[in-house]
Amino acid sequence: MRKIVFAVRFHILFAAGLSLFAGCYVPENFSANADVRSDGSYRFEYTGDLVFALAAQAAAKGKLSASDEAKLKSGESELLKDKRFLSAKYTGKARYAVHYISEGNIKNGSFEFLSERTRLIKISYDKAFDQVLISGTAVDQKTLDRMKEAGVACAGELVVTTDSKVVETNG
């Protein structure tokens, strides 16, 4: 079976929903790769920035104090508690440069990056149809406008590869 590659350019497309923008991480300036094999094994890799949205709003208004910046810097250790984060460095203005890798078998349970609430990508298995589903979270215009006001440029590239038959795509 031949390998099929989908590359999609996201310009402020993926992030959390309206209420989630207030306190979650949002992907920015990233390169992500998801490789899903016909046996259910997967490997997901993300290299780029994560923006702490609530703090980004304050930074855009010039309201991040030195104390706030210090608290955000301590967030590095919180991210690194998840062993899938190979690196996490606070770079200022509510942003972290991260490298993240997750591997497993999707037939053993779904995978979501970053979380169910702030989902760049979800990979799940539909046992009834013996199919792997890959999805993301689209955002409404009001949220996009709020992100832009906060200086969040959620742009990047997600490449999905598989050795399986692709049934449907919108990419």
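Observations on the model:
- Taking segment 41-68 as the range and being surrounded by fewer than 16 Cβ atoms within 10 Å (Cβ to Cβ) and not basic (Lys, Arg) as the test, the residues that pass are 41, 54, 62, 65, 66, 67, 68.
- Failed condition for residue 112, given (1) without any contact (Cβ under 8 Å) to a residue 12 or more places away in the chain; (2) open to solvent by 60 Å² or more (accessible area, probe 1.4 Å): (2)
- Residues (touching a helix residue (DSSP H, G or I) at 6+ places or on another chain (Cβ under 8 Å) and either at pLDDT below 80 or open to solvent by less than 20 Å² (accessible area, probe 1.4 Å) (or both)) located in segment 115-138: 117, 118, 123
- Tally, over segment 122-171, of residues that are more than 24 Å from residue 36 (Cβ to Cβ) and without any contact (Cβ under 8 Å) to a residue 40 or more places away in the chain: 2
Residue-by-condition table, conditions (1) buried (at least 20 other Cβ atoms within 10 Å of the Cβ); (2) not basic (Lys, Arg):
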{"position": "27", "(1), (2)": "yes, yes"}
{"position": "34", "(1), (2)": "yes, yes"}
{"position": "39", "(1), (2)": "no, yes"}
{"position": "75", "(1), (2)": "no, yes"}
{"position": "84", "(1), (2)": "no, no"}
{"position": "89", "(1), (2)": "no, no"}
{"position": "93", "(1), (2)": "no, no"}
{"position": "101", "(1), (2)": "no, yes"}
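The values are calculated or read from the model by the stated rules, or taken from the named source; none is laboratory data. Here the structure is a predicted model, which is why all the values come from computation and not from measurement. Cβ sites come from the backbone with ideal geometry, for glycine too, and all protein chains shown count toward neighbours. Surface areas here come from the heavy atoms of the whole protein model, side chains and all, with no ligands, DNA or RNA. Shrake-Rupley method; radii C 1.70, N 1.55, O 1.52, S 1.80 Å.
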